[in-house]
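Below: one structure, written as structure tokens.
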Amino acid sequence: MVEGDDDAKLLGRYRDGDRAAFATLVRRYQGPIFNAAYRVLGNRDDAADIAQSVFLKVAERADEFDPRFRFFSWIYRIAVNESLNLLRRNQRDDTLDEEDEIPGHEGTDPERQASQAQLARRVRSVVASLRAEDRVMIMLRHFSACSYAEIAEILEIGEATVKSRLHEARQRMRPKFAGMRELI
């Protein structure tokens, strides 16, 4: 049984030569890793490249995984680091592709759809205007629904530091959301 195995067991099976176990990990995490990279980078092509790079690194570094920790945190840390490194290399810290659509909020009422689309564009614009480090914090907490402890593990910082940085990122976002009540 491969699909139901936990992540650490799958990685162990991959280290022992079971390619199907690695394929299961890829299927399990390709969406979340792509989404994490996309939220940091704002570009689908770059996010796809990062996702591919992350799985290559996982394959190459499978022996470095410490099973005392969660695989989820390990692979997310790789994805976030790779995304931030790409931003630094491309000196694109503050630019995101405004034309990329964020899925969700589909409804049947055209007026509500228009309002939701306008709100999504505004939220995307605000998140895009944040520093990369703030985007990572917001992405992990609000888009990936990570707990403070998970974020601390992913970023290898203390939980109090996570709370502080997240609070500061939210504070920097607050003025940018002025006037949005009419859209909600």
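Filtering region 24-48 to residues that are open to solvent by 40 Å² or more (accessible area, probe 1.4 Å) and touching a residue at least 12 places away in the same chain (Cβ under 8 Å) leaves Arg28, Gln30, Pro32, Phe34, Asn35, Arg39, Arg44, Ala48.
Counting only helices (runs of 4 or more DSSP H) that fall entirely inside region 8-118 and contain at least 2 residues that are within 21 Å of the chain's Cα centre (by Cα) and modelled with pLDDT under 90, the qualifying elements are 19-41, 71-90.
Pairing each residue of region 171-184 that is basic (Lys, Arg) with any residue that is at pLDDT 85 or above and open to solvent by 60 Å² or more (accessible area, probe 1.4 Å), provided the two are 6+ apart or on different chains, yields C-beta distances under 9 Å for Arg172/Arg131.
The values are calculated or read from the model by the stated rules, or taken from the named source; none is laboratory data. Since we're looking at a predicted model, the values are computed, not measured. So basically every Cβ, Gly included, is an ideal-geometry build from the backbone, and we count neighbours across all protein chains shown. In case anyone asks, the SASA skips ligands and DNA or RNA and just uses the protein heavy atoms, side chains included. Shrake-Rupley method; radii C 1.70, N 1.55, O 1.52, S 1.80 Å.
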